[in-house]
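**Student:** Sharing a structure, written as structure tokens. Questions coming.
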Amino acid sequence: VYQCPLSGFYLLFLGVARHLARTPSAPSYLLGITIHRAYQRAARAFARTRDREAARRAYLQGVADAWTHEFATFLLDTARSPTQLYRLPVTMVDAIVERCAERWDGPALDHLLQERLFFSPTRGLSGKADRLLGPPGTRLLYEVKAGASFFALDSHPLTGRRAPGGIQALAYHETLRSVDGRPPTTAVELVAPGQLEEVPLSDHPVVARA
């Protein structure tokens, strides 16, 4: 979208939505939105109950709620059979639940904040963190990227690895650090078929190339 400055200005800064009647098909970004919202539901359920089945139910309910919320846009899809836009969020449920169990099958979390807005008065910066955890004595900040696959322009100068989300993660990291001087441990979490992993901010191509 930044290839067209005027389009980027209206869509990303002024918040003017695209005209649905002029959109030829259901945008692929809905896939990431669906998985992202459902993952939030599963994480919250597992952190509260430590129950895989509860997390599974919460994830699937999150998928259904995302589809309902974006129903008008999904209607624009002209496919005659279910595509990965619909299949993939459902087929990822087991991997997401196991991911929750791997990460949080331990003592209860002090805090699990998702989509939480914070503001730094000293820097005049604000951000909405995808996930902010507060185990005793530390603070973990995650920028979550979900979808079928990922495209990133920046590559690591030594390994050649590419990963999205670095600029957002760095901005949120610096905003949170400027609030009280305590830098969080920050990472970008990639959620895609066959790719459930964390990229530490210190190893992200955006930071490594700086």
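The values are calculated or read from the model by the stated rules, or taken from the named source; none is laboratory data. Given the structure is predicted, the values throughout are model-derived calculations rather than measurements. Methodologically, a virtual Cβ is constructed for each residue, glycine included, from the backbone with ideal geometry; neighbour enumeration extends over all protein chains shown. The accessibility values were calculated without ligands, DNA or RNA, using every heavy atom of the protein model including side chains. Shrake-Rupley method; radii C 1.70, N 1.55, O 1.52, S 1.80 Å.
**Student:** Checking LEU76 against (1) at pLDDT below 80; (2) in contact with a Ser or Thr (Cβ under 7 Å, 6 or more places away or on another chain); (3) within 27 Å of GLY166 (Cα to Cα), which single condition isn't satisfied?
**Tutor:** (3)
**Student:** If you go through region 151-160 one residue at a time, do you hit one that is open to solvent by less than 50 Å² (accessible area, probe 1.4 Å), at pLDDT 70 or above and either farther than 20 Å from ILE96 by Cα or hydrophobic (A, V, I, L, M, F, W, C) (or both)?
**Tutor:** Scanning region 151-160 turns up no residue that is open to solvent by less than 50 Å² (accessible area, probe 1.4 Å), at pLDDT 70 or above and either farther than 20 Å from ILE96 by Cα or hydrophobic (A, V, I, L, M, F, W, C) (or both).
**Student:** Considering only region 184-194, state which residues are assigned to a strand (DSSP E or B) and open to solvent by 60 Å² or more (accessible area, probe 1.4 Å).
**Tutor:** THR185
Here is a yes/no grid of residues against (1) in a strand (DSSP E or B); (2) open to solvent by 70 Å² or more (accessible area, probe 1.4 Å); (3) in contact with a Phe, Trp or Tyr (Cβ under 8 Å, 6 or more places away or on another chain); (4) in contact (Cβ under 8 Å) with a residue 24 or more places away in the chain:
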residue	(1), (2), (3), (4)
ALA43	no, no, yes, yes
ALA47	no, no, yes, yes
ALA54	no, no, yes, no
THR73	no, no, no, yes
ILE96	no, no, yes, yes
CYS100	no, no, yes, yes
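**Student:** When region 99-138 is examined, which residues are found to be of a type in the set (D, E, K, R) and at pLDDT below 85?
**Tutor:** Scanning region 99-138 gives ARG103, ASP105, ASP110, ARG116, ARG123, LYS128.
**Student:** For region 161-210, give me each residue that is among the β-branched types (Val, Ile, Thr) and closer than 20 Å to LEU31 by Cα.
**Tutor:** Within region 161-210, VAL188, VAL191 meet the criteria.
**Student:** Regarding THR68, is this residue on the phi < 0 side of the Ramachandran plot and either among the small types (Gly, Ala, Ser) or open to solvent by 60 Å² or more (accessible area, probe 1.4 Å) (or both)? I'd like the intermediate steps shown before the answer.
**Tutor:** Details: on the phi < 0 side of the Ramachandran plot: yes; either among the small types (Gly, Ala, Ser) or open to solvent by 60 Å² or more (accessible area, probe 1.4 Å) (or both): yes.
Spelling it out, THR68 is indeed on the phi < 0 side of the Ramachandran plot and either among the small types (Gly, Ala, Ser) or open to solvent by 60 Å² or more (accessible area, probe 1.4 Å) (or both).
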